[in-house]
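A short worksheet on the structure shown next.
Values quoted throughout were computed directly from the atomic coordinates according to the rules given, and no laboratory measurement underlies them. Please read these numbers as outputs of a predicted model, since none were measured by experiment. In this analysis, Cβ positions are derived from the backbone assuming ideal geometry, glycine residues included, and neighbour counts consider all displayed protein chains.
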Amino acid sequence: EDPSSSSSTQNSVAPELPGFYYDPEKNRYFRLLPGHNNHNPLTKDSIQHKAMECKRLRLLEEEEKQNQKIARAGLNSSVLLQKRQLGLLSSTSYCRLIHELKVNCMQRRKIEIHSPDSSVTGTNNFKIIVADVACERIFTVNDVEHGGCKYGIINLSGLGKESLTVEMYDNLYFTNRKVNSVCWASLTHPDSHFFLTHSSKLCLMGIAETPGCASLLPASLFSSTNPGDRPGMLCSFKISTAWSCAWCLNPQADNCFSTGLTRRVLVTNVVTGHRQTFGTSSDVLAQQFATQTPVLYNGCRSGEIFSIDVRQRNRKGQSWKATRLFHGSAVTSIHLMEAEHYLMAADMAGKIKLWDLRTAKCVKQYKGHHNEYALLPLHVNEEEGLLTAVGQDCYTRIWSLQDAHLLRTIPSPHPSSKDAIPSVVFSSRLGGSRGVPGLLMAVKQDLYHFSYN
């Protein structure tokens, strides 16, 4: 049973009476006083919070007692191996099902964060963590007590060791603005040798403020030990309220990034400074570029999802929207699948849908996600065949991409609250190509690793 779903125990025991709360333990009704400005502890919010906390503690206790969980009836490693040897399972299906088994055996362990400055670790709440393509590092955004945010980069190479420690880079970056979205970007730069291949990694941040701004920072900014060699901000410009951002990796729109704003989309070339503006009828809350073509997909507050070919110029009276899909609620996250024939989207009604872009039809729905108003991301791992999402109820859920089966529901180590929604990263190679598989979870001031058993 989904822990976030409303229990039917109360309805089966006693009918619901307006203005009263039935306590199954005491087997009696209690009056609910209207409003929250009274000393009566029995309000709907307090009752719901108490029930959710009881479920969370019960699930945490079950997680500790039960190391081996069953994702599907009759599915275990010996059965899978036997079917594989008999030729009844392909290599792809076998690997996917093995990942499902391992996900259900993941155990939580707390990670120790090492930093040259001990005063900056464990003092601020994690808000966002985003891994680079190789999953060697994560970019972190932390809330600062006196307001604003703090950025940093954590090296994950220590995850493969028994000590389970990670290293926070020397330099931290502070801002008095609120960060709304972050993505990794790639741009040719003299500091490229410090990171990977011939392009250094950059962090593109869409900051939601009025007035807002978008900033492009080199990742070497956080690891330079010599203050004199510390690189500066590459790009920063003021804009209206920014909700989302995306970087383009297609060579036909090289060095371009997009910012989703209030009723418009702004595409900027970071080298030339050239900008394209596309007006929309709603706020753009989620964005992603395709890699095979210079096409930008956008998810709006109105529930519409549309694509833009950034090679065309926006002219008055000209229809520039290509693919158009519609959700019943505000779209909070989109993910374009690898073959770019399918698009995954989540909305504020808690619905997660897989769309076929060729027919503009929904082909799968992933049930159990909980959302009412938050901008919550999706994490799709096609290689492992898994979908991961954190709900507003602070539960982390993992589905099978193949058949939308809910494999596991992970309770948060901390009590559920609006400022304690976990931020997660899932990969089969956390820490690089020789890294360890599992789930990385940041909640409050803590970082946890759910490792394969």
(request) Could you work out the Kirkwood radius for the range 287-440, taking every pair of different alpha carbons, averaging 1/r and inverting it, reported in Å? (result) 16.6
(message) Can you give me the distance in nm between label points at Leu60 and Val144, each placed 7 Å from the Cα along the Cα-to-Cβ direction?
(response) 3.1
(request) Tell me the label-point distance for the pair Lys418, Thr293, using the 7 Å Cα-to-Cβ offset, in nm and rounded to one decimal. (result) 4.1
(message) Please list, in order along the range 257-265, the HN-Hα scalar couplings obtained from phi with the Karplus expression 6.51 cos²θ - 1.76 cosθ + 1.60 (θ = phi - 60°), rounded to whole Hz, x for Gly and Pro.
(response) 9, 10, 10, x, 10, 6, 6, 6, 10
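Under the rule a/c < 1.5 gives rounded, and otherwise a/b versus b/c splits prolate from oblate, where does the range 345-411 land using the Cα gyration tensor?
Numbers: a/c = 2.05, a/b = 1.25, b/c = 1.64.
Taking the square roots of the gyration eigenvalues as a ≥ b ≥ c, the range 345-411 is oblate.
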(request) Give me the compactness ratio for the range 244-283, meaning the Cα radius of gyration over 2.2 N^0.38 Å. (result) 1.16
(message) Using amide H atoms built in the peptide plane, which far-off residues or other-chain residues are under 5 Å from Tyr342 H to H?
(response) Met337, Leu357
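Please identify the chymotrypsin sites (Phe, Trp or Tyr not before Pro) of the range 304-373 that satisfy two criteria: DSSP loop assignment and at most 13 other Cβ atoms within 10 Å. Which are they?
On the way: sites: Phe306, Trp320, Phe326, Tyr342, Trp355, Tyr366, Tyr373; in loops: Trp320, Tyr373.
Those satisfying the criteria are Tyr373.
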(request) Kindly write out, for the range 281-294 in residue order, the coupling ³J(HN,Hα) from the Karplus curve 6.51 cos²θ - 1.76 cosθ + 1.60 (θ = phi - 60°), rounded to whole Hz, with x marking Gly and Pro. (result) 8, 8, 5, 9, 9, 8, 8, 7, 8, 6, 9, 7, 9, x
(message) Can you compute the label reach from Gln107? Point 7 Å from Cα along the Cβ direction, backbone N cut-off under 18 Å, restricted to the range 432-453.
(response) 436-441, 448-453
(request) Report ³J(HN,Hα) in whole Hz for each residue of the range 333-343, in order, from the Karplus equation J = 6.51 cos²θ - 1.76 cosθ + 1.60 where θ = phi - 60°; Gly and Pro get x. (result) 7, 9, 9, 7, 6, 4, 6, 6, 9, 10, 9
(request) Quick one: of Lys178/Lys418; Lys364/Lys418; Lys65/Lys364; Lys127/Lys364, which pairs are farther than 24 Å apart, Cα to Cα? (result) Lys364/Lys418; Lys65/Lys364; Lys127/Lys364
